[in-house]
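The values are calculated or read from the model by the stated rules, or taken from the named source; none is laboratory data. These numbers were taken from a predicted model, which means no experiment stands behind them. Cβ placement follows ideal geometry from the backbone for every residue including glycine, while neighbour counts extend to all protein chains displayed. In case anyone asks, the SASA skips ligands and DNA or RNA and just uses the protein heavy atoms, side chains included. Shrake-Rupley method; radii C 1.70, N 1.55, O 1.52, S 1.80 Å.
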Amino acid sequence: MKRIIAIRLSVWLLGIAFSLSIMAQENVHAQSETYQWPSDALVVQNLHSWQDLKFGVLLHWGLYSVPGIVESWSICDEDWITRDTTRTYQQYMGWYFSLADEFNPTQFAPAQWADVCSEAGMRYMIFTTKHHDGFCMFDSNETDFTIARHAFRNDDRRDVLKHVLDAYRNRNFVVGTYFSKPDWHSQDYWWDVYGKKGRNVNYSTKQHPDRWNRFKQFTYCQLDEILSRYGKVDILWLDGGWVWPDNRGQDIDMPRIAQMARSHQPGIIIVDRTIHGPYENYQTPERTIPETQLDYPWESCIPLSDDWGYVRNPRWKSAGKVIATLVEVVAKGGNLVLGIGPTPEGTIQPEVVERLKEIGRWLRLNGKAIYGTCPTNHYHEGNLWFTASKDGKSRYAIYLPKEEEPMPLSITWSNNIPRKGARLLATGIKMTTTVKGNRATVFLPKNMKKEAFALEIF
């Protein structure tokens, strides 16, 4: 018993240490500096529809969920990584990959996930089919390293991807599949002939073209499985931006992949993260919000805790913090995808449910200022963020209270001046409004709850 407790304590301490090391953000991809609109008219149409959704969820679930540590990165041997020092690197790799024989999510409840996300006001989802560690959350014919061939193999739900996508489609979500271009389990990417691995392919693709071509075909075939077997997929979200031709010759032939993807899924949005060009259909600033408005499609991807997947003893963001982030992102012309990680048993934690319900309550009252809106030229002033309806008939002012300040009795701003007045979206009650020159003042009801609220300016 003492040995079991010691092992669990070691894993818990490892999780804390690695969560702290991740804060250095060595694994956070830099945002592309330029954008290229796709030439396919259907893709452009789908992008515009996606931009109206505003709020989505990014689900990380895999081997890393079992001990509750940061996804995949603990098996990378870059200098910034912190891991259990009681094991050699090879021993640690063996332990990590053996988690496949423990990952048995008998409480797997994708309908609960979809219900919770729907109640939160989310409109689209992205599910991690395979992270960098190579463990597949679908029944791949290309490898045995999949949830369908290990501890969960005798469960009727073992082809996890099918059940997740079905559950979200049943809730009318736009659905996307995350896929890691690097695969650290594959001997055609990390070849044990060589020691140092890093995050990149650890051999010369020029010296061993046959091995690299096998990896390219493996990647192509797995993506073909995902996009041909599981019904309509709206977004292909490719991670691992270091895999591209100009970095160690890591050319996985994106034109061929894109052609295959759109033969199965016409108009699919492809997000080859941080790789500027025709296959990065929207940009994905990670854990951050751009400083100013951007006039092309983008999505801030930000986790609800400090980590993307399930970890023990997380530090949660408050519902108010997420709402404030969403408001700023939308006012700047983007979407927000919020990262959450189901438990190793297969459920969404109560702390997550509580926060998502609170966010959903706010959006049901104020969502008209968020969904389907477009940016305004004057989009930020003090505690206020502004959006507009597409038809130009309404503009919205969203007030975000600061923790150290009391709720005001009135708010004043310039530009976006009311023609007739303003009303609280949550209640529909028209507010007393005065306009002097280029300044508008709205007088608020007394004893308003200290939380964000939206005004419709008309």
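Things worth noting here:
- Computed over the Cα atoms of the chain, the ratio of the radius of gyration to the Kirkwood radius (Rg/Rh) comes to 1.00.
- For the chain, carbon and sulfur atoms together expose 49% of the accessible surface, with a 1.4 angstrom probe and every protein chain in place.
- Whole-Å distance, taken between Cα centres, linking the range 384-433 and the range 301-375: 23 Å
- Here residue 87 sits with roughly 70 square angstrom of accessible surface, probe radius 1.4 Å.
- For the range 65-133, the solvent-accessible area with a 1.4 angstrom probe is 33 square angstrom per residue.
- The residues of the range 138-286 expose on average 39 square angstrom of accessible surface per residue, using a 1.4 Å probe on protein heavy atoms.
- Exposure of residue 316 as accessible area (Å², to 10), given a probe of 1.4 Å and all protein chains: 70 Å²
- Placing 400, 356 in order of accessible area, with the largest value first and a 1.4 Å probe, yields 400, 356.
- The magnitude of the dipole of the range 249-382, with charges of +1 and -1 set on the Cβ of Lys/Arg and Asp/Glu and taken from the Cα centre, is near 480 debye.
- Charge dipole magnitude, Cβ of K and R +1, D and E -1 - the chain, Cα centre, debye nearest 20: 1640 debye
- Tail fraction, Cα-Cα pairs, the range 185-288, threshold 18 Å, whole percent: 52 percent
- Taking one quarter of the surface of the C-alpha convex hull of the range 117-242 gives a mean projected area of 8.9 nm².
- Computed helical MRE - 222 nm, the chain, DSSP H runs ≥ 4 contributing -39500 (n - 2.57), nearest 500: -9000 deg cm²/dmol
- Axis angle, to the nearest 10 degrees, between helix 160-169 and the longest C-alpha principal axis of the chain: 20 degrees.
- Summarising the overall dimensions of the range 355-449 from its C-alpha atoms, the Rg and Dmax are 13.4, 41 angstrom.
- In terms of packing, defined here as the mean over residues of other Cβ atoms within 10 angstrom, the peptides 110-118, 90-98 line up highest first as 110-118, 90-98.
- Net charge, residue 424 excluded, C-beta distance under 11 Å - Lys, Arg +1, Asp, Glu -1: +1
- Neighbour net charge for residue 122 - beta-carbon separation under 13 angstrom, K R +1, D E -1: +3
- Residue-normalised accessible area of the range 404-458, expressed per residue, 1.4 Å probe, Å²: 59 Å²
- DSSP-assigned coil residues among trypsin sites (Lys or Arg not before Pro) in the range 335-398, each with at most 13 further Cβ atoms within 10 Å: 390, 393
- Size of electric dipole in the range 112-267: Cβ of Lys, Arg +1 and of Asp, Glu -1, about Cα centre, debye, nearest 20: 240 debye
- Positive dipole terminus of the chain, leading residue within 231, 72, 383 (C-beta point charges): 383
- Positive contributions from Lys and Arg (+1) and negative ones from Asp and Glu (-1), summed over other residues with Cβ under 13 Å from the Cβ of residue 237, come out at -3.
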